[in-house]
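Only the coordinates and a few stated rules stand behind these numbers; no lab work does. Bear in mind the structure is a predicted one, so any value in this text is a computation, not a measurement. Note: ideal-geometry Cβ built from the backbone for every residue, glycine included; neighbour counts use all protein chains shown.
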Amino acid sequence: MEPKIPIAAITDEFSPDLETALGAMAEIGMKAAELRVVLGKNILDLSDEELMKIKRILEIRGFQVISIASPLLKCAPPGSPLLDERFQHDIFGSKHIFEDQCELADRALDIARRFNAKIVRVFSYWRTVEPEKCFEGVISALAELSERASKQDLIIGLEN
């Protein structure tokens with residue numbers, strides 16, 4: 001029986017090498033992938049040529065992309081309380097700051113469309129020692145991203 005929802009995983013959870021990852025994923029029946037770090041870079045930092053190379057590899061292997069694991073809102077918002085140092089911060093190639101978010105959103109939505117992915121995964125900023133002071137900013141940022149995505153028939157997925 002074919003599943004109604006594609007079984008997928010983040011490729012770099014299997015291997016930093018895309019072809020190795022796809023081979024292992026196919027062995028256990030996966031036919032879909034989420035892209036986060038490929039060719040040693042965050043998916044949003046890849047050149048258009050690198051994206052084309054990745055797309056060809058996925059097509060040859062018969063994989064669809066269901067999600068782009070972006071680093072959107074994986075930063076400290078302006079004026080936020082101190083970051084909560086009990087939580088580890090980025091280890092997946094995100095080097096972006098708040099001021100980069102608009103440009104990153106454009107790139108993430110563009111890449112999702114290129115790969116026919118319906119979901120762009122985002123965050124809700126770095127955790128602070130007073131998260132309740134950040135709620136309005138998080139809600140505003142997510143609403144803006146969701147509105148932009150919906151105009152392109154895309155979904156914003158919040159990593160919790």
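Annotations
- Where labels lie 7 Å past Cα in the beta-carbon direction, separation of residue 152 and residue 7 in nm: 3.1
- Contact order normalised by residue count of the chain, Cα under 8 Å, 6+ apart, percent: 21
- Projecting the Cα atoms of 77, 111, 140 onto the charge dipole of the chain (Cβ charges, centred on the Cα centre) puts 111 farthest toward the positive pole.
- Environment charge of residue 150, counting only residues whose C-beta is closer than 12 Å and scoring Lys/Arg +1, Asp/Glu -1: 0
- Relative contact order, percent, the stretch 1-64 [alpha-carbon distance under 8 Å, six or more residues apart]: 33
- Flagged links, alpha-carbon separation over 27 Å, of 55/151; 4/74; 41/118; 41/133; 74/118; 4/53: 4/74; 41/133; 4/53
- Spin-label pair residue 52/residue 82, simplified geometry with 7 Å Cα→Cβ offset, distance in nm: 5.0
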